[in-house]
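The values are calculated or read from the model by the stated rules, or taken from the named source; none is laboratory data. Please read all numbers here as calculations on a predicted model, not as lab measurements. Here the Cβ positions follow ideal geometry from the backbone for every residue, glycine too, while neighbour counts run over all protein chains shown. Heads up: the accessible areas ignore ligands, DNA and RNA and are worked out on the full protein's heavy atoms, side chains in. Shrake-Rupley method; radii C 1.70, N 1.55, O 1.52, S 1.80 Å.
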Amino acid sequence: MLSFNLLVAICLTYVVFLFIVAALAERRAEQNKFTFLTSPIVYTLSISVYCTAWTFYGAVGYAARSGLEFLTIYIGPTLVFIGWWWLLRRLVRIGRTQRITSIADLISSRYGKSNLLGVIVTLLAVTASTPYIALQLQSLTLSISVFAGDLDNAVSPALTALFMAMGLALFTVIFGTRNINANEQHHGVVTAIAFEAVVKLVALLAVGVFVVWGVADGPLDIMTRMEQRLPQQESLYSSRWATLIFLSATAIICLPRMFQIVVVENSSERHLAMASWAFPLYLFLMCIFVLPIAVMGLELMPEGANPDLFVLTLPLHFDQQGIAALAFLGGFSSATSMVIVAAIALSTMVSNHIVLPLWLYMTQRRDPESDDVRSVLLRSRRISIAAILALGYLYYIFTGGTTALASIGLIAFVGAAQILPALLFGLFWRQATRLGAIMGIVAGFIIWAYSLFLPSFDGSFILTQSVIDNGLFGLSFLRPYALFGVSIDDPLIHVLFWSMAANTGLIVLVSMVSHPSALERLQALQFIHIFGQRAQGRTSQPIVASEDLFILAQRILGRQEATKLFEKTASEQGVTTGLPEPTGEFIHRLERELSGSVGAATAHAMVGQLAGGEAVSVEELIAVADETAQIMEYSAQLEKKSNELTATAAQLRRANQKLTQLSQQKDDFLSQVSHELRTPMTSIRSFSEIIRSDESIDRDRLIHFSSIINEESQRLTRLLDEILDLSFLESGRIKLNLYTTTLKDVIDQALSATSVISEDSKARIIRDERLEAMSIITDRDRLSQVFINLIINSIKYSEDGPPVIEISHNRLGDDLNIFVTDNGPGIPFNEQKVIFEKFERLSGKSWTTGVGLGLPISLEIMQHLGGDLRCVPTTTKGARFCISLPLSAIGQTHASVLDTGSPAAE
Amino acid sequence: MTEDRRVENSEKDVRRRNKIIQIALILPIIGVLLFMTPIIDVFTGSDGASTAGGEGDSSRVSRLVIYIFGVWGLLIVCAYALAHFIRFSFGDE
């Protein structure tokens, strides 16, 4: 018999060796030498953490008790891995793009980053893993007791389990919580697990080979013995066969430690391709000798021997110390690897979903980058690891370590399976909501705990034996093993059916009646269309090249600015040549610099993309959207301004045109003035010349010539007066002499001034008595000048017969309109405006007695009096001018007379 | 000419990839079916058939074991071939 002390020594040596392997792997990971660590072989081997002590010891026991049924536990995972294209590939891609740290994180992230869901899944996972950890402790204790059985000074099983739990906690704390890695990968632990996978496979194969060829007579002999020894295969015809395949397939996805290894620790999707066949092969090899060992154990071991320990007891029976020691190490490896990975996975969940939110809530700290958070995380993880192992230990003590290993493992499987509906609906059904997932998981959790987990304590914990037998409060339909009075023989199928029915049913129903939040919808789309997105490259560690940062900075800041910034940082870091090290501080600083150009959120997203391969969070997206909105508003303002500018430019162009026109008019005006001045000057000069040189001129001619000179001088004076007048009016320097007068006075003055010319032309003036009765406040001389100009024009331009000029009025709104209408040829429509320009005369009229300033002067006068003068169209022949006067200029006493204006008789 | 050939080749590649994906999707379904009790019975002979002669009964467990491990091994080989083709066809995605 192998000495107990030697066994302890082997164990310790093995543990030290594991420490060294883990430490070396960690160091290589720190040096970025990933070649072996991230190879698909290590990944595949680490997945074999699925094969725990339950497989190593329990599978043989299971086979001895129930025959081929043990295979279901390995067929399920085989099918999942062969079907990796369906589910695992999707999970791994989501895990990498969404930076998932655990299965609780995955569920929480899918359903709108709900922390409540994270807490629920964490609690479920911790509870479900407790029996599983207890199973490992139990198998370790059992295996040690095999060797220590005969010794007097042997420690009690409870104490052995305690030592084991403490040792495992220590190892896990050392290698599982050395650092908070951005993506929760533990190279040291994974490498150690891969190494342990080799140990357990070799150990089981060694025992198997020994049994088949050393004890029995080869495979054929085993086959023959199998027919007699193994129980007949009724289980294949019960629903248990299919149920267990389903359950184990679920477990490989939903067990926290399996999710940790398969999804979180995965560093490349290609590794999954290899694992898709290599992991089933591993399981195949683990299983191939289980039946022979079970058969030979049943045949050779004494009645009542624990079949769970055949792997150890068979070699010992034949005094094969070496094989027994190897088998023990294999079992030890299986148990320790499971406990370590489970503790890491669960502690991550506990610290991320329970401790950290609580701590943040309590301290109101919102700076996840500070060292404080890191230390809180590390501490909480260490404490969680210890607590999780303590729970496992307590379960072991409570259940007394008597149950068969397989049944304990299945309790954990059913518990973990409660996550499956939320997971699958989350991946494939967009409508699945947070509330639905919560209700489903909670319902499944309660049924599982009530009908399977709590009864497994056999009445020693919470549920008493009477409740287990008779139902809660004595209600028979609440009997844990026969819910709703339906008795299904197998408690496992019973609880799986009810919990899955409630779980799935609630998710579907509640999801259909509840509405997902915006974040939930967004996350749902990201999860469901994970392969529609561009793969975001994320290396196993957040490595960013300074070159990339420089390119980014250069693009945003410009080459000079970027070079200056990088050179400055490099000299501060003590780097003499090349680019500075991409330290966190530098990246932070760069981000600040960039945010000055592109906004904080965008800069964070950009640098984050480079630095961590970090997916852009919804908050960042929303901030980017805000910035975009601001930019859009800004650009709208710019557009408005630009429109305004365009309008102003058009106005300026028009003004410029007007100025050019005015300048042209000024030139025309000057040339007109000089022309107008020259004509009378010429005749004055020539006639005065004649008078002076011709001495023999007779008196009549002298008088005639002198009168011409006189007339021309008067005309010259008139012209100069008018020009002066107009320039006064235009410059606004005119002084108006306002007083109250009647329109009769005004018109009388005008008519007397034009009496000579109107008598000459036999003109008839039709006056308006009602109009003339009005008294107005005005400059009489100026207003009558307007009438004079209009009357003279009418007479001058009349063609056929004596001119008839009619003065009439009406009232329109606030204006009094006085019309002066004649029977002349009228003014063509296109010239109605032109006539108010200086020196403009009607086209086709060569008549030049007027200087063409009358109407411009009249218009200026009317505008100065607050009124207007314009040419209005008439229905009859002739021209019609309208003199508008504001009512304010009209005396109050006569305002009533104006109500109905109508032209009156002469 | 070379352009045409390249297009033809890429079309071939796409067809090949689609086929591989289809096999990858179908393989686990075949696996599930082959491990279901009625199908197992088809290949190993049900109890009813074997009780007729004592001989059949005595080799039943062996037949079951050989069948299950045989299917298992076959699935592994298929998965290996598939993984190989996927890597060959998809490159380092």
Given the C-alpha centroids of segment A:468-493 and segment A:94-133, what is the distance between them in whole angstrom? 30 Å
Report, in whole Å, the centroid distance computed from the Cα atoms of segment A:676-704 and segment A:236-286. 132 Å
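Based on Cβ point charges of +1 for Lys and Arg and -1 for Asp and Glu, what charge dipole magnitude is obtained for segment A:1-102 about its Cα centre, in debye rounded to the nearest 20? List each step's numbers first, then the result.
Details: 9 positive and 3 negative charges, 101 e Å.
Here segment A:1-102 has a charge dipole of around 480 debye.
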Mind ranking A:HIS529, A:HIS187 by accessible surface for me, highest first, 1.4 Å probe? A:HIS529, A:HIS187
Which shape class applies to segment A:1-125: rounded if a/c is under 1.5, otherwise prolate when a/b exceeds b/c and oblate if not, where a ≥ b ≥ c are the square roots of the Cα gyration tensor eigenvalues? oblate
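Compare B:ARG60, A:ARG559 by solvent-accessible area with a 1.4 Å probe and give them largest first, with all protein chains kept in place. If you can, show how the numbers build up before the last one.
Working: B:ARG60 5, A:ARG559 145 Å².
Heavy-atom accessible area, descending, gives A:ARG559, B:ARG60.
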What accessible area, in Å² to the nearest ten, does a 1.4 Å probe give for A:ARG96? 50 Å²
Net charge of neighbours whose Cβ lies under 10 Å from the Cβ of A:PRO886, counting Lys and Arg as +1 and Asp and Glu as -1: -3
Counting only DSSP loop positions in segment A:668-751, the GluC sites (Glu not before Pro) whose Cβ has at most 16 other Cβ atoms within 10 Å are A:GLU695
From highest to lowest solvent-accessible area (probe 1.4 Å; ligands, DNA and RNA excluded), A:HIS704, A:HIS864 read A:HIS704, A:HIS864
Among A:LYS833/A:LYS877; A:LYS666/A:LYS744; A:LYS640/A:LYS838; A:LYS762/A:LYS877, which pairs are too far apart, with a Cα-Cα distance over 30 Å? A:LYS666/A:LYS744; A:LYS640/A:LYS838
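Counting only other chains, what is the mean number of Cβ atoms within 10 angstrom of the Cβ of each residue in peptide B:16-28?
Mean shielding count: 3.
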